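This report concerns only the one structure given below.
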Ligand code: CIR
């Protein structure tokens, strides 16, 4: 499996912010934490490849928002924040070697952080970043490939995957204040500890789940709920830019789905 990442730009202090007040970001710490994250990906069996850095694009470390990568296709997004749209092209260039490509086109918008893929079911958050017509475009691209695409109301956070992510084979971790857990019929849902609203963003990689180390209470719940090994990583600095652990990579599954 390949994980695409992108270096933390020195301009990260000028990142987009929606729900958080701007706080100083220690660039050296952010870079070190990002490198620790890449080590965790490698230890989970990923081949980590960096997309060429874009120091002029403050949010470019958050590669997840630029594409939705499935076994059959990669869909290049049109990010909801206009200043982030130039991030897409260089990721497209890299993904072109790995997948047939499709694109979300204007005036629609879609951020990868709003797209939660659960086997053949694709849930898309309706947020300030992703429009209903963006969901409809994604549906038109993915339905012929056998995926069901559903729009999901989200409130109080940046992206759908701020509110819910996969944490195990049949397990989701959810902040019920931000998305209705009943949306995900057939999945076991574990609520975050209410004192850790941002703890629902974890990165499940099949054999391990990467989690932000700060959310000890939710992580302890997760450890009890799943056999998957949790790998806590420091993520405090990019969290100040509203980034979590899914945001910093694009995961390509190069093994048959059944093994994943
Ligand atoms: C933004 O507001 O776009 C960035 N500061 C954070 C993006 C985080 N990405 C993600 O959750 N997928």
message: Can you tell me which condition residue 48 does not meet? The list is (1) within 14 Å of the ligand (Cβ to nearest atom); (2) under 24 Å from residue 213 (Cβ atoms); (3) touching a helix residue (DSSP H, G or I) at 6+ places or on another chain (Cβ under 7 Å); (4) not in a loop (DSSP other than H, G, I, E, B), and all the others hold.
response: (1)
- prompt: Can you tell me which residues in segment 92-135 are within 13 Å of the ligand (Cβ to nearest atom) and part of a helix (DSSP H, G or I)?
  reply: 112, 113, 114
query: Do you know which residues across segment 204-260 are modelled with pLDDT under 95 and either out of contact with any strand residue (DSSP E or B) (no Cβ under 8 Å at 6 or more places or on another chain) or within 24 Å of residue 98 (Cα to Cα) (or both)?
result: 206, 207, 227, 253, 254, 255, 256, 257, 258, 259, 260
task: Kindly indicate whether any position in segment 212-229 is closer than 30 Å to residue 7 by Cβ, within 14 Å of the ligand (Cβ to nearest atom) and buried (at least 22 other Cβ atoms within 10 Å of the Cβ).
output: yes
message: Residue under question is residue 147, and the condition is that it be touching a residue at least 60 places away in the same chain (Cβ under 8 Å) and more than 16 Å from the ligand (Cβ to nearest atom); does it hold?
response: yes
- request: Please indicate, with yes or no, whether at least one residue in segment 63-79 is at pLDDT 95 or above, out of contact with any helix residue (DSSP H, G or I) (no Cβ under 9 Å at 6 or more places or on another chain) and in a loop (DSSP other than H, G, I, E, B).
  value: no
query: Has segment 5-18 got any residue that is away from the ligand (no atom under 14 Å from the Cβ), under 18 Å from the mean Cα position of the chain (by Cα), at pLDDT 95 or above and surrounded by fewer than 21 Cβ atoms within 10 Å (Cβ to Cβ)?
result: yes
statement: If we keep only residues of segment 96-113 that are touching a helix residue (DSSP H, G or I) at 6+ places or on another chain (Cβ under 6 Å) and without any contact (Cβ under 8 Å) to a residue 60 or more places away in the chain, then the residue farthest from residue 1 (Cα to Cα) is 108
- prompt: Of the residues that sit in segment 172-211 and are within 18 Å of residue 251 (Cβ to Cβ) and away from the ligand (no atom under 16 Å from the Cβ), which one is farthest from the chain's Cα centre (by Cα)?
  reply: 207
query: Does residue 35 satisfy being surrounded by fewer than 16 Cβ atoms within 10 Å (Cβ to Cβ) and more than 16 Å from the ligand (Cβ to nearest atom)?
result: yes
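The values are calculated or read from the model by the stated rules, or taken from the named source; none is laboratory data. Values in this document were obtained by computation on a predicted structure and should not be read as measured data. Because the Cβ atoms are built from the backbone with ideal geometry, glycine has one as well, and the counts that use them run over all protein chains shown.
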